[in-house]
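Written out below as structure tokens is the structure these notes cover.
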Amino acid sequence: MRLASVIPLIPAELVTALDQSCGIRTDTDLLFFGSSLDIIKKLPLGTVTLSDLEKFTESIAEQASVPGHRGDEILAATGRISEKHPRVSCGVKELDELVGGFGDSRVFEISGAKGSGKTALALQIVIQRLLSDADSYALWIDSSGDFSAEKTTQLMRYFDVSDKVLERLQVSVGFNIEGVNDVLEALRISLSNSKSVEPTVQWIVLDSITPLLLPSLSAVSSQGHAMMITFMRRLRELSRTFGISIMVINGTSAAVPFNQSSAFASTIRKPALGPSFTFMTDCTIWLSKTKDIPDPEGPFSVHVAEVFRSRATRSKTWCTFQIRHGILSSTSDL
């Protein structure tokens, strides 16, 4: 912050003198130059008194500081958000307990190899939310054109519910980061202008984030990393401001010799987009398929869900689940 921008909080004559005599032009220059006595010695005689300079410096420090918030106020605000937007079950008790429940205005990263159940998990969570709250809507952002309305309709039939539930699932296509930003901005404007107390969209799924950000990441340039940080901050702001839960599906890359974030030495893949991406979400869930099992009632597969990092629960914890006909269920039902 330039000192010239806070006139008349500081007299214009003092701002000019600080610039010409001390090279102090910004709040950082003033606060870290040294003591007020050191500054007085460099200023022309009679420019300002020591007590006034200390008073002006305190005012600048107050202007530049981040406002504080009491812990009990933050806790109370968090509780109010949780009451409005309760956590959602994915239909697998063990997986719910693993992450402390889904929802609650958090940003989840779901990663794993192809066929591990990433999209199935995200879709089941969304459907469970739509079923539990008739006033809720969800936004599915498809970045690869792989979203299948037919498969989603079949899944609804397995849940034995009306296809009308899907009327509250909005699907948008965005093949680049600019297109997705346009979708999010349109949503933000819509929610900001809404006369309703409750937000219309309460869940967002981005399937997947990898092709949007990976082409811009480079070992010799920080531009792609800055783009990733800006985009994830935007998602977090959207989540916190409007009480929206967000799931971003991420691809994988090789881990040599194995993924140290995993509880299993056999995990030789890791989430894509680099090691810093996981710290931009509230929880990173890693999925993997262990085996396919034939069955007279229909073949099913057994999967492992593992928490690599979470703000709410322990890391390197895991559970198993099964997928039959695209529906996740507990392996205790076997």
Crossing angle, helix 50-64 versus the chain [Cα axis fit, 0-90 degrees, rounded to tens]: 20
R0 of 41 Å, Cβ-Cβ distance Thr290-Thr28: FRET efficiency to nearest 0.05: 0.15
log₁₀ of I(q)/I(0) at q = 0.17, 0.24 Å⁻¹ - the range 153-250, Debye sum with one point per alpha carbon: -0.87, -1.32
Å³ per residue enclosed by the Cα convex hull of the chain: 188
Total charge dipole magnitude, the chain, about the Cα centre, Cβ charges on Lys, Arg, Asp, Glu only, Debye to nearest 20: 560
Calculated FRET efficiency for the pair Ala149/Ser190, C-beta based, R₀ 22 Å, to 0.05: 0.45
Surrounding net charge for Ile249, when Lys and Arg each add one and Asp and Glu each subtract one, Cβ distance under 14 Å: -2
Hz values of 3J(HN,Hα) by residue in the range 108-124 - Karplus curve (6.51, -1.76, 1.60), Gly and Pro given as x: 9, 9, 10, 10, x, 5, 4, x, 7, x, 4, 5, 4, 5, 4, 5, 5
When each of Lys118/Lys151; Lys118/Lys289; Lys151/Lys316; Lys93/Lys270; Lys93/Lys164 is checked by Cα-Cα distance, pairs over 21 Å: Lys151/Lys316; Lys93/Lys270; Lys93/Lys164
Alpha carbon centroid spacing (whole Å) that separates the range 268-334 from the range 1-38: 56
Fully extended contour minus Cα-Cα distance, from Glu94 to Val256, at 0.36 nm per residue: 55.3 nm
Cα-based convex hull, the range 3-64, per residue volume (Å³, whole number): 69
Relative packing of peptides 210-223, 261-274 - highest average C-beta neighbours within 10 Å first: 261-274, 210-223
All aspartates and glutamates inside 15 Å of Lys41 as judged from Cα atoms, apart from same-chain residues fewer than 8 positions distant: Asp19, Asp52, Glu54
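Just so you know, all these numbers are worked out from the coordinates, no wet-lab data involved. Everything numeric in this text was worked out from a predicted model, so none of it was measured. FYI the Cβ positions are ideal-geometry reconstructions off the backbone, even for glycines, and counts take in every protein chain you see.
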